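The block underneath contains the structure these notes are about, expressed in structure tokens.
Here, each number is a calculation from the coordinates, and none is a lab measurement. None of the values given here were measured: they were computed from a predicted structure. Using ideal geometry, Cβ is built from the backbone for each residue, glycine included, and neighbour counts are taken over all protein chains shown.
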Amino acid sequence: MKLNSLGLPKKETEILVAELNILLANFQVYYQNLRGLHWNIRGKRFFDLHLKFEELYNDSQLKVDLIAERILTLGGTPLHTFEAYVKNNRLPVGHEVSKDEQAIHLILECLPLLLKIERVILKQAADIEDEGTNSMMSDFIAEQEKTIWMLSAWAEQEI
């Protein structure tokens, strides 16, 4: 078995990098959804949600950078074009969402789909003992599960 400079199996690491690129593309779409929600939110909950969406998109922007840097660390090349993001996207895209409940529901549609990709990566990383990727995915998953819980409570919806 050929190992890379990190001591990880080359072939399996290439597969992991491909999945990380899918996550990167989907996070870019999620980030853009959040920017749109931040810009377009209207109504009596404007001030609270405007700030919350800014918090979420800033967090997403950091995660995008972490994912891209992990791809580079593993010897891959991060996707970096809108064409690649759209091609690999699995998330719904928000179009002119301005109502509070509609905005929260869009986020609640996106997060479980991100979690699904992250759990695939978590398993792949664990299988090849890639603790760096595994740790990053664990952190992402824990944060996003908490966000789902909080937004579900806001929307008075069962998890």
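May I ask which of LYS11/LYS63; LYS52/LYS99; LYS63/LYS146; LYS11/LYS123; LYS99/LYS146; LYS44/LYS99 have a Cα-Cα span longer than 19 Å here? LYS11/LYS63; LYS99/LYS146, as the Cα separations exceed 19 Å there. Both the radius of gyration and Dmax for the chain are 16.7, 60 Å, in that order, over alpha-carbon atoms. For region 88-111 versus region 12-55, the spacing of their alpha-carbon centroids is 9 Å. The simple Förster model, with R0 at 30 Å and r as the Cβ-Cβ distance, assigns ALA142 and LEU72 a FRET efficiency of 0.80. With a Förster radius of 30 Å applied to the C-beta separation of ASP59 and ALA84, the computed FRET efficiency comes to 0.85. Think of each Lys and Arg Cβ as +1 and each Asp and Glu Cβ as -1; about the Cα centre, that makes the dipole of region 77-147 roughly 260 debye.
Exposure proxy ranking for ARG45, ARG119, ARG70, based on other Cβ atoms within 10 angstrom of each Cβ and starting from the fewest, stands as ARG119, ARG45, ARG70. Working ranking of peptides 58-67, 5-14 by packing, defined as the average number of other Cβ atoms within 10 Å per residue, highest first, is 58-67, 5-14.
Bridgeable aspartates and glutamates around LYS10 (alpha carbons under 20 Å apart, same-chain partners fewer than 8 residues away excluded): GLU19, GLU69, ASP127, GLU129, ASP130, GLU131. Label-to-label distance, LYS99 versus LEU6, with points set 7 angstrom from Cα along the beta-carbon direction: 4.4 nm.
Charges were assigned to the Cβ only: +1 to each Lys and Arg, -1 to each Asp and Glu. The resulting dipole of the chain about its Cα centre is roughly 360 debye.
Can you give the helix-only mean residue ellipticity at 222 nm for the chain, where every DSSP H stretch with n ≥ 4 adds -39500 (n - 2.57) and the sum goes over all residues, rounded to the nearest 500 deg cm²/dmol? Calculated from helices alone, the mean residue ellipticity at 222 nm is -26000 deg cm²/dmol. Computed from the C-alpha gyration tensor, the three semi-axes of the ellipsoid equivalent to region 53-127 are 25, 15, 13 Å, from longest to shortest.
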